[in-house]
Amino acid sequence: MKVLVIGGAGYIGSHVVKEMMKAGHEVTVFDNLSSGLRQNLFPQNGFIHGDILIPSEIEAAFAKGFDGFVHLAAFKAAGESMVEPEKYSVNNLTGTINIMNAALKFGCKKMIFSSSAATFGSPEYLPMDEKHPQNPENYYGFTKLEIERIMTWYDQLKGLRFAALRYFNAAGYDPEGEIIGLEQNPANLLPRIMEVAMGMKPGLKVFGDDYETRDGTCIRDYVHVTDLARAHVMALEYITKNDKSLKVNLGTETGTTVLELLNASRRITGKEIPSENVERRPGDPACLYTTNNYAKETLGWTPEYSDVDTLVETTWKAYLANNK
């Protein structure tokens, strides 16, 4: 199939592009390079430099004719979204509507959307599943949930078939070492650990060591980015074969503590990685992880690269490759 990957020069997007190519799809990337990197583009693909906030530019892209598209062009910093909701309203909501309207205008009715565990908010039970109540606790999560609702209406009214893939914590890098473009201003735990290991930052702050978990630190569900990327390919195949939409959680079912990730990083990098225990952050739940039974049942998806060592090793190699 001909697939347009919107945001395909970004961290997750570039891995999605690679997996789409491996599956035999013809890929074109649409990106404004505000956070994506030319370094992440594959020369054999088409590339369109454009902005989802300019309807004529996204329409010109869809006019080239595509069978399906992947949307990964949302802003994603939860903390920032609480300070600048206007920015998230315009990019995430208006931008997505621009994309969907352009896709429909040119008859492209298969959509893969990067949704988020942030649509759920704090867990009412664990492991979380697709039926868990959705009560987002930050504006970023709200925008993702609103997009899920809009897609549901477009499915009913316009026949737009979609897969909403609710990522938990994306981590790791291409195991084959082909994609090494680092995230700009990363906010997630593993890149912050790597920055300390590389000497880019003096130390790591561990927010809370007195949670009711196996070592007192928070548990999160880290999913290797290549596993997430594989799910995009499987989801496109699913909605093509079944002609129906899908909302599915993507996680490992187990979860890893902050301290487990930190100690694995110390062992694998051989670096001391200084850390300091500080006060809990408001609103941080002790545990957050999901079952992947529905992903197995519908997509045949199970994580292959999401063990702690692979997450750390592939990330460390990417950081070393950028420091030659």
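Observations on the model:
- Segment 53-63, residues that are aliphatic (A, V, I, L, M) and surrounded by fewer than 16 Cβ atoms within 10 Å (Cβ to Cβ): LEU53, ILE54, ALA60, ALA63
- Considering each residue of segment 121-138 in turn, none proves to be under 26 Å from TYR294 (Cβ atoms), part of a helix (DSSP H, G or I) and open to solvent by 10 Å² or more (accessible area, probe 1.4 Å).
- Scanning segment 186-206 for residues that are open to solvent by 20 Å² or more (accessible area, probe 1.4 Å) and in contact with a strand residue (DSSP E or B) (Cβ under 7 Å, 6 or more places away or on another chain) returns ASN188, ARG192, GLY203, LYS205.
- Just one of the numbered conditions (1) in contact with a helix residue (DSSP H, G or I) (Cβ under 8 Å, 6 or more places away or on another chain); (2) at pLDDT 95 or above is not true of LYS76: (2).
- Taken as a whole, segment 239-260 holds no residue that is modelled with pLDDT of 95 or more, under 22 Å from PRO191 (Cα atoms), within 14 Å of the chain's Cα centre (by Cα) and charged (D, E, K, R).
- Selection of segment 142-174 for residues being of a type in the set (Lys, Arg) and either crowded, with 16+ Cβ neighbours inside 10 Å or closer than 29 Å to PRO43 by Cα (or both) yields LYS144, ARG161, ARG166.
- Of the residues making up segment 159-174, those that are within 23 Å of VAL90 (Cα to Cα) and either outside any loop (DSSP other than H, G, I, E, B) or without any contact (Cβ under 8 Å) to a residue 24 or more places away in the chain (or both) are PHE162, ALA163, ALA164, LEU165, ARG166, TYR167.
- Matching option when the condition is modelled with pLDDT under 95 and under 20 Å from THR119 (Cα atoms), among ASP284, ASP221: ASP284
- Qualifying residue in segment 10-27 (condition: open to solvent by 70 Å² or more (accessible area, probe 1.4 Å) and modelled with pLDDT of 95 or more): yes
- Residue check for ASP209: open to solvent by less than 30 Å² (accessible area, probe 1.4 Å) and among the charged types (D, E, K, R): no
- Strands (runs of 3 or more DSSP E) enclosed by segment 214-324 - at least 1 residues per element that are open to solvent by 70 Å² or more (accessible area, probe 1.4 Å), on the phi > 0 side of the Ramachandran plot and touching a helix residue (DSSP H, G or I) at 6+ places or on another chain (Cβ under 8 Å): none
- Candidates LEU53, LEU4, LEU37, LEU33: the one that is closer than 23 Å to VAL223 by Cα and either of a type outside the set (A, V, I, L, M) or at pLDDT 95 or above (or both) is LEU37.
- Taking the conditions (1) over 21 Å from MET234 (Cα atoms); (2) open to solvent by 10 Å² or more (accessible area, probe 1.4 Å); (3) not hydroxyl-bearing (Ser, Thr, Tyr) in turn, PHE66 satisfies each one other than (1).
- Of all the criteria given as (1) of a type in the set (Asp, Glu); (2) within 27 Å of CYS287 (Cα to Cα); (3) out of contact with any strand residue (DSSP E or B) (no Cβ under 9 Å at 6 or more places or on another chain), the one not satisfied by ASP227 is (3).
- Condition met for GLU183 (among the charged types (D, E, K, R), assigned to a loop (DSSP other than H, G, I, E, B), within 17 Å of the chain's Cα centre (by Cα) and surrounded by fewer than 18 Cβ atoms within 10 Å (Cβ to Cβ)): yes
- When GLY177 is tested against (1) surrounded by fewer than 21 Cβ atoms within 10 Å (Cβ to Cβ); (2) outside any loop (DSSP other than H, G, I, E, B), just one condition goes unmet, and that condition is (2).
The values are calculated or read from the model by the stated rules, or taken from the named source; none is laboratory data. The structure displayed is predicted, hence computed values, not measured ones. Cβ coordinates were reconstructed from backbone atoms using ideal geometry, including for glycine residues, and neighbour counts include every protein chain displayed. Ligands, DNA and RNA are excluded from the accessible area calculation, which covers all protein heavy atoms including side chains. Shrake-Rupley method; radii C 1.70, N 1.55, O 1.52, S 1.80 Å.
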